[in-house]
Amino acid sequence: MAKVGPWVESAMRDLGLERDARGLIPLADARKRLRAVSEMARGGWHRIDGQVSQPTDFDFLWAALLSLADAGEFVKEASRLVWKFSPRGFDNIAPLERYGDAILPWLASRVDDTGTLDSSPWCVVPCLLGISNKGALDVLARIRTRPQEDKERIRTWQRTHGVPNRPTTTLDEAGILQLLDDAASAEEDSPMPWPRLESGAGHFERHAMRIIAAREKTGDDWGVLIEVVQGDLLNGPGEEYRWPATIQQYRYGSKVPSGGRYLEDARPIGIRRVLPKGFALTSSEVPRSFDGIKVIGPKGTAPFTMTDALLSKLGLVPKRTRTTKVTDWTAVLAVRARLCRDPGAFWSDARPLARKVLGLRAPVLVVATDRFEHVSGPASAERGKARRLPSKSKTFCSVAAALVHRDPARFIAGTPNKDWRG
């Protein structure tokens, strides 16, 4: 007997019927049962010898629908029937498990032109949430119930599948910029669609940013990676934080979903600070002195000890923040002092990153720099030029041109604005 998924297995169990080699109701029997009805109603109960549970007429019809030849036949039959009842289990995804994404036309038919979702069957939304095809997201976006529930369905889909790319059939500057504009305009927060210059949380305190753009050596595949060194808490001996400083990654391209999942699409920051014995550290307050704080890492850099004189020489001013609140100023200034002493300390080789993160097998780099002018997009709470779309930025327009023409000389950095000084 062929192996079937758990939801399909559950539908076949306890019916008292013999199964075929697929592990399903024999095809002829399934078709006969469905031809005899015009609606999916609960109907009567059936007693099965030797078992306590009693399946309903609906249970037999549901199993028959899951036993058809293919998705096309399922869509035809499921669309013909009038649904007055639902299968067991609020999160039932048996149709998706059995037939895959090809059931999408039937799922879409359960939402009318006003956005009303039929109350039966209740497996429609769980199946839509399980389909990675952007068409499923489009159907979910049509559903109108309560505003908060509507938003949560979208967030759930995006947490599972990522922010979808706008499909492009050809490689051109307009297509690349449209994809970046879509991300910069998105208001969802998981995955994070686009790096913002400002934030209301200390764990997004920004220290440095780098952009990498690459083309596949042959063919039209491309990708853009933006890395952000961010955070106000450093893990160390006896210190493990829920939201530690990190190198957050945001990816875009022909082979990856857009955006980045917080702390998941990221690299370890690789730096820690050791406070001198007896050092008094109070959350969110600037210490009277930074003397004696040892800074270790990232790998390949020499440890050093912070002093007030060194911070003054480097131009590092406490309380200069890109967020509303910093929890640990010793961590923030440790990262920034390292950047002042070793500007490239947090950046690893760009080409392996393009392979690993952007999905390019043989990437050809056209841009790799931490000196560029960033824009936060219209979904940000910032004012002025920062709220521009990427397509309105000379820098990002030049990134698109460099990608299309495989020409690094087309890149225009603009006025750097991405670190704490900006």
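A few points about this structure:
- J(HN,Hα) series, the stretch 140-149, from Karplus relation 6.51 cos²θ - 1.76 cosθ + 1.60, nearest Hz, glycine and proline x: 4, 5, 7, 5, 10, 10, 9, x, 5, 5
- Rounded to the nearest 10 degrees, the inclination of helix 71-80 to the longest alpha-carbon principal axis of the chain is 70 degrees.
- Convex hull (Cα only) mean projected area of the chain, reported in nm² to one decimal: 27.1
- Note on the stretch 77-193: Cα-only Rg and Dmax are 15.7, 50 Å.
- Hits among aspartates and glutamates - C-alpha to C-alpha of Lys277 under 20 Å, sequence gap 8 or more where chains match: Glu239, Glu240, Glu285, Asp291, Asp308, Asp328
- Using θ = phi - 60° in the Karplus curve 6.51 cos²θ - 1.76 cosθ + 1.60, the 3J(HN,Hα) couplings for the stretch 200-205 round to x, 10, x, 6, 10, 4 Hz; x is entered for Gly and Pro.
- Over the stretch 171-323, equivalent-ellipsoid semi-axes from the Cα gyration tensor in Å: 36, 17, 14
- D_trans [Stokes-Einstein, Kirkwood Rh over alpha-carbon pairs] for the stretch 273-422, 4 °C, 1.567 mPa s, µm² s⁻¹: 71
- Annotation note: trypsin sites (Lys or Arg not before Pro) in the stretch 32-124 located in DSSP loop regions with a Cβ neighbour count of at most 10 within 10 Å are Arg47.
- Ranked for footprinting exposure by Cβ neighbours inside 10 Å, fewest first, Asp328, Asp20 give Asp20, Asp328.
- Expressed in units of 2.2 N^0.38 Å, where N is the residue count, the Cα radius of gyration of the stretch 1-128 is 1.01.
- Relative to the dominant Cα principal axis of the chain, helix 394-405 is inclined by about 60°.
- Look at where the Cα atoms of the stretch 18-52 and of the stretch 331-385 average out, and the two centres are 59 Å apart.
- Qualifying lysines (Cα of each under 21 Å from Cα of Lys385; at least 8 residues distant if same chain): Lys394, Lys418
- By the count of neighbouring beta-carbon atoms within 10 Å, fewest first, Trp347, Trp243 end up ordered Trp243, Trp347.
- Counting beta carbons within 10 Å around each of Val357, Val317, Val224 and listing the fewest first gives the order Val317, Val357, Val224.
- When the helices of the chain are scored as -39500 (n - 2.57) per DSSP H run of n ≥ 4 and the total is divided over every residue, the value at 222 nm lands at -9000 deg cm²/dmol.
Read-outs: derived from the displayed coordinates by stated rules, not from any lab. Quick caveat: nothing in here was measured; it's all calculated off a predicted structure. When we count neighbours, we look across all protein chains shown, and the Cβ atoms used for this are built from the backbone with ideal geometry, even at glycine.
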